[in-house]
Amino acid sequence: MADDETPQPSYEQARDELVEVVRRLEAGGTTLEESLALWERGEHLARVCERWLEGARARLEAVHGAESSKAPGATGGAQEAGDIRDGAQD
(Lines give C-alpha, C1' and ligand atoms only; values in the text may rest on other atoms or scores of the structure.)
Protein backbone atom coordinates (compact mmCIF):
# COMPACT_ATOMS: atom_id res chain seq x y z
CA MET A 1 0.00 0.00 0.00
CA ALA A 2 1.32 3.44 -0.87
CA ASP A 3 0.48 4.83 2.60
CA ASP A 4 3.06 2.50 4.18
CA GLU A 5 5.79 2.92 1.56
CA THR A 6 6.30 6.68 1.67
CA PRO A 7 7.31 8.72 4.70
CA GLN A 8 4.30 10.32 6.33
CA PRO A 9 4.16 14.07 6.93
CA SER A 10 3.89 15.43 10.43
CA TYR A 11 0.42 16.20 11.74
CA GLU A 12 0.96 19.91 11.14
CA GLN A 13 2.19 19.38 7.58
CA ALA A 14 -0.75 17.11 6.75
CA ARG A 15 -3.25 19.50 8.35
CA ASP A 16 -1.85 22.52 6.51
CA GLU A 17 -1.88 20.72 3.17
CA LEU A 18 -5.42 19.49 3.85
CA VAL A 19 -6.53 23.07 4.50
CA GLU A 20 -5.02 24.07 1.16
CA VAL A 21 -6.73 21.18 -0.64
CA VAL A 22 -10.10 22.20 0.81
CA ARG A 23 -9.48 25.82 -0.15
CA ARG A 24 -8.72 24.84 -3.73
CA LEU A 25 -11.78 22.60 -3.97
CA GLU A 26 -14.03 25.30 -2.54
CA ALA A 27 -12.61 27.92 -4.90
CA GLY A 28 -13.56 25.83 -7.92
CA GLY A 29 -12.10 26.45 -11.34
CA THR A 30 -10.49 23.01 -11.57
CA THR A 31 -11.29 20.27 -14.02
CA LEU A 32 -13.16 17.20 -12.90
CA GLU A 33 -9.94 15.19 -13.02
CA GLU A 34 -8.08 17.79 -10.92
CA SER A 35 -10.95 17.93 -8.44
CA LEU A 36 -10.94 14.15 -8.07
CA ALA A 37 -7.18 14.13 -7.53
CA LEU A 38 -7.51 16.86 -4.91
CA TRP A 39 -10.33 14.96 -3.20
CA GLU A 40 -8.26 11.78 -3.09
CA ARG A 41 -5.29 13.69 -1.69
CA GLY A 42 -7.57 15.25 0.92
CA GLU A 43 -8.87 11.83 1.95
CA HIS A 44 -5.30 10.58 2.34
CA LEU A 45 -4.30 13.63 4.39
CA ALA A 46 -7.37 13.27 6.60
CA ARG A 47 -6.36 9.65 7.34
CA VAL A 48 -2.82 10.78 8.18
CA CYS A 49 -4.19 13.40 10.59
CA GLU A 50 -6.52 10.85 12.17
CA ARG A 51 -3.64 8.42 12.77
CA TRP A 52 -1.61 11.18 14.43
CA LEU A 53 -4.58 12.13 16.62
CA GLU A 54 -5.23 8.50 17.56
CA GLY A 55 -1.59 8.13 18.57
CA ALA A 56 -1.72 11.31 20.64
CA ARG A 57 -4.94 10.14 22.30
CA ALA A 58 -3.36 6.80 23.18
CA ARG A 59 -0.31 8.53 24.66
CA LEU A 60 -2.51 10.81 26.78
CA GLU A 61 -4.57 7.86 27.99
CA ALA A 62 -1.40 5.97 28.88
CA VAL A 63 -0.05 8.93 30.85
CA HIS A 64 -3.41 9.49 32.53
CA GLY A 65 -3.62 5.81 33.45
CA ALA A 66 -0.07 5.80 34.84
CA GLU A 67 -0.74 8.94 36.89
CA SER A 68 -4.00 7.53 38.23
CA SER A 69 -2.32 4.35 39.41
CA LYS A 70 0.43 6.36 41.18
CA ALA A 71 -1.97 8.72 42.97
CA PRO A 72 -2.04 8.30 46.77
CA GLY A 73 -5.07 6.34 47.84
CA ALA A 74 -5.85 5.31 44.27
CA THR A 75 -7.84 2.14 43.88
CA GLY A 76 -8.09 -0.16 40.93
CA GLY A 77 -11.48 1.27 40.03
CA ALA A 78 -15.03 1.66 41.19
CA GLN A 79 -15.64 -2.09 41.27
CA GLU A 80 -12.79 -2.67 43.72
CA ALA A 81 -13.96 0.23 45.86
CA GLY A 82 -17.44 -1.30 45.91
CA ASP A 83 -15.98 -4.67 46.88
CA ILE A 84 -14.18 -3.11 49.83
CA ARG A 85 -17.35 -1.38 51.05
CA ASP A 86 -19.35 -4.56 50.68
CA GLY A 87 -16.79 -6.56 52.62
CA ALA A 88 -15.73 -8.71 49.68
CA GLN A 89 -12.39 -10.43 50.15
CA ASP A 90 -9.99 -12.00 47.66
Quiz item: (1) touching a Leu at 6+ places or on another chain (Cβ under 9 Å); (2) among the acidic types (Asp, Glu); (3) modelled with pLDDT under 95: which one isn't true of Asp90, the others all being true?
Solution: (1)
Practice problem: For the range 4-25, enumerate the residues that are modelled with pLDDT of 95 or more and of a type in the set (Ser, Thr, Tyr). | Solution: Ser10, Tyr11
Self-check item: Inter-residue pairs, beta-carbon under 7 Å, first in contact (Cβ under 8 Å) with a residue 12 or more places away in the chain and in the range 19-43, second part of a helix (DSSP H, G or I) and β-branched (Val, Ile, Thr), 6+ apart
Solution: Leu38/Val21; Arg41/Val21; Gly42/Val21; Gly42/Val22
Quiz item: So Ala81 fits all but one of (1) modelled with pLDDT of 80 or more; (2) more than 24 Å from the chain's Cα centre (by Cα); (3) in a helix (DSSP H, G or I); what number is the exception?
Solution: (1)
Quiz item: Pairs, please: C-beta under 9 Å, at least 6 apart or cross-chain, first residue surrounded by fewer than 10 Cβ atoms within 10 Å (Cβ to Cβ) and in the range 49-70, second outside any helix (DSSP H, G or I) and of a type in the set (S, T, N, Q)?
Solution: none
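The values are calculated or read from the model by the stated rules, or taken from the named source; none is laboratory data. Note that this is a predicted model, so its numbers are computed, not measured. Please note: Cβ atoms are built from the backbone with ideal geometry, for glycine as well, and neighbour counts cover all protein chains shown.
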